[in-house]
Amino acid sequence: MTYHLVIHPKAIVQAAEIYRYYQKIRPALAERFGRELDACYVLITNNPGGYQARSRDYRYAPVRGFHYRVVYAIRGELVVVYQVRHTSRKPSSKFGP
């Protein structure tokens, strides 16, 4: 089955904020974060069931090399990304830890 990636506007804003944060610290780090986030998106699109459902039907995929994860769900042929969040953040009531 071919899956299509849909990124929720809130997740786009979160990823942009993280990118800008790293851009201020070290531009090369921001670029690396962008590449790793894109790679994570490719992985979950190609194999969305590759990560266990951890909270209800939401799944978490780590952004390699960073303390962030992508929170997503499989909705038919869609892989919907809801959040890009830091792993130390207070758990979300909707998406879990």
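We did not get these values from a lab; they are worked out from the coordinates using the rules stated. Owing to the predicted nature of the structure, the values given are computational and were not obtained by experimental measurement. Cβ sites come from the backbone with ideal geometry, for glycine too, and all protein chains shown count toward neighbours.
In this structure, Tyr72 qualifies as surrounded by 18 or more Cβ atoms within 10 Å (Cβ to Cβ) and in contact with a strand residue (DSSP E or B) (Cβ under 7 Å, 6 or more places away or on another chain).
Count of the range 19-32 residues, restricted to those that are aliphatic (A, V, I, L, M) and either crowded, with 16+ Cβ neighbours inside 10 Å or touching a residue at least 24 places away in the same chain (Cβ under 8 Å) (or both), is 2. Under the condition of being surrounded by 14 or more Cβ atoms within 10 Å (Cβ to Cβ) and either closer than 16 Å to Tyr3 by Cβ or free of Cβ contacts under 8 Å to residues at least 40 places away in the same chain (or both), the residues counted in the range 33-61 number 14. Of all residues in the range 39-60, which are touching a Gly at 6+ places or on another chain (Cβ under 8 Å) and of a type in the set (A, V, I, L, M, F, W, C)? Listed by number, the residues that qualify are Leu43, Ile44.
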